[in-house]
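Chemist: Take a look at this one; I'll ask things after.
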Amino acid sequence: MYTLEHVSKVYEETIALQDISFSVQQGEIVGVVGKSGSGKSTLLRLLNLLETPTEGRLVLADKDVTQLSKKEIQQQKQKIGMVFQQYNLLNNLTVKENVALPLKLIGVKDEEKVLELLSFVGMAHKKDSYPAQLSGGEKQRVALARALTRNPDVLLCDEATSSLDEENTDDVIRLLQQIHQEFPVTIFFVSHELDTVKKLCERVLVMEDSRLLGTVENQPTLLEKSNQPYLEKVQRRLAK
Ligand SMILES: Nc1ncnc2c1ncn2[C@@H]1O[C@H](COP(=O)(O)OP(=O)(O)OP(=O)(O)O)[C@@H](O)[C@H]1O
Ligand SMILES: [Mg+2]
């Protein structure tokens, strides 16, 4: 679905990406790891069609993105969902309105779908709350629902769990796994938390200083909802 051929991205004096080549099939779950400044977010901005490569070719759905018309780019963008570390919810809109926003922007009203997505992420009971009234984990679940409203082919997650505690991180990973089981979505998961990447990703791109050092295959673990009481969990972990 995505193919990058010798892609570079240069900002004035900074080389953010250098000679990146890889291919990803529809439905893969790909991790992207690397130290701060290695180019991970820049890579996602290219995959998101927010930016274009300075050099090289980025092929999406068999088309070189630099050859696409503005209209085609808009159409492709609608099929890409994005989740950020800072959630990026609009504070003056309710949970329900935040999730409805991507549809509203393309002139679609579908309240049923919005409520269905909020139930899916376990946030239907907070539909009329504002983001300021939610915890970080709750905000991220709303952000995930919002990223799914247009049935994306691709879900790009930039440090989506990096501000969350372990329990909330596992909740988000479990949701991503459920999404992946129910829809043939391709997931890119940028993170510096190797434990989290290990739970979710089938293949991991390793970045350093704007280059792709290599790719590591991984066997993800399907997370089940834990019924273990929190106190018991802490006791076990601390006793290790
Ligand atoms: N819009 C921009 N203008 C100029 N330089 C930029 C821009 N965006 C990124 N860079 C530079 O490109 C390099 C890669 O940045 P990028 O944000 O992709 O790193 P990252 O791996 O996501 O880091 P982090 O883990 O801290 O989020 C950095 O040196 C950064 O300063
Ligand atoms: Mg980044």
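The values are calculated or read from the model by the stated rules, or taken from the named source; none is laboratory data. Keep in mind the model is a prediction, meaning the values are calculated, not measured. Here the Cβ is made from the backbone with ideal geometry for all residues, glycine too, and neighbour counts use every protein chain on show. Note: areas computed on protein heavy atoms with side chains; ligands, DNA, RNA excluded. Shrake-Rupley method; radii C 1.70, N 1.55, O 1.52, S 1.80 Å.
Here's the yes/no breakdown for (1) of a type in the set (Val, Ile, Thr); (2) modelled with pLDDT of 95 or more; (3) over 17 Å from LEU223 (Cβ atoms):
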residue	(1), (2), (3)
ALA143	no, yes, yes
ARG146	no, yes, yes
ASN151	no, no, yes
VAL154	yes, yes, yes
CYS157	no, yes, no
LEU164	no, no, no
GLU167	no, no, no
ILE179	yes, no, no
GLU182	no, no, no
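Chemist: Are any of the residues in segment 18-30 open to solvent by 20 Å² or more (accessible area, probe 1.4 Å) and either basic (Lys, Arg) or within 16 Å of ligand 2 (Cβ to nearest atom) (or both)?
Modeler: Looking through segment 18-30, none of the residues is open to solvent by 20 Å² or more (accessible area, probe 1.4 Å) and either basic (Lys, Arg) or within 16 Å of ligand 2 (Cβ to nearest atom) (or both).
Chemist: If you don't mind, another one. Going through VAL95, VAL30, VAL59 one at a time, which residue ends up being more than 14 Å from the chain's Cα centre (by Cα) and closer than 22 Å to PRO184 by Cβ?
Modeler: Result: VAL59 is the single residue among VAL95, VAL30, VAL59 that is more than 14 Å from the chain's Cα centre (by Cα) and closer than 22 Å to PRO184 by Cβ.
Chemist: A follow-up question, please. Being over 24 Å from GLU202 (Cβ atoms), out of contact with any strand residue (DSSP E or B) (no Cβ under 6 Å at 6 or more places or on another chain), without any contact (Cβ under 8 Å) to a residue 40 or more places away in the chain and not in a strand (DSSP E or B): is that true of LEU93 here?
Modeler: Judged against the criteria, LEU93 is a match.
Chemist: Please go through segment 41-58 and give me each residue that is open to solvent by 20 Å² or more (accessible area, probe 1.4 Å), in contact with an Asp or Glu (Cβ under 8 Å, 6 or more places away or on another chain) and of a type outside the set (S, T, N, Q), ordered by number.
Modeler: ARG45, GLY56, ARG57
Chemist: When both residues are 6+ apart or on different chains and their Cβ atoms are under 6 Å apart, which pairs have a first residue that lies in segment 148-163 and is open to solvent by 10 Å² or more (accessible area, probe 1.4 Å) and of a type outside the set (A, V, I, L, M), and a second that is more than 16 Å from ligand 1 (Cβ to nearest atom) and assigned to a loop (DSSP other than H, G, I, E, B)?
Modeler: ARG150/GLN78; PRO152/LYS79; ASP153/LYS79
Chemist: Only one of LEU68, LEU60, LEU50, LEU44 is in contact with a Phe, Trp or Tyr (Cβ under 7 Å, 6 or more places away or on another chain) and at pLDDT below 95; which?
Modeler: Selected residue: LEU60, the only one of LEU68, LEU60, LEU50, LEU44 that is in contact with a Phe, Trp or Tyr (Cβ under 7 Å, 6 or more places away or on another chain) and at pLDDT below 95.
Chemist: Next question. So which residues in segment 38-49 are near ligand 1 (Cβ under 10 Å from one of its atoms) and assigned to a loop (DSSP other than H, G, I, E, B)?
Modeler: Selection gives SER38, GLY39.
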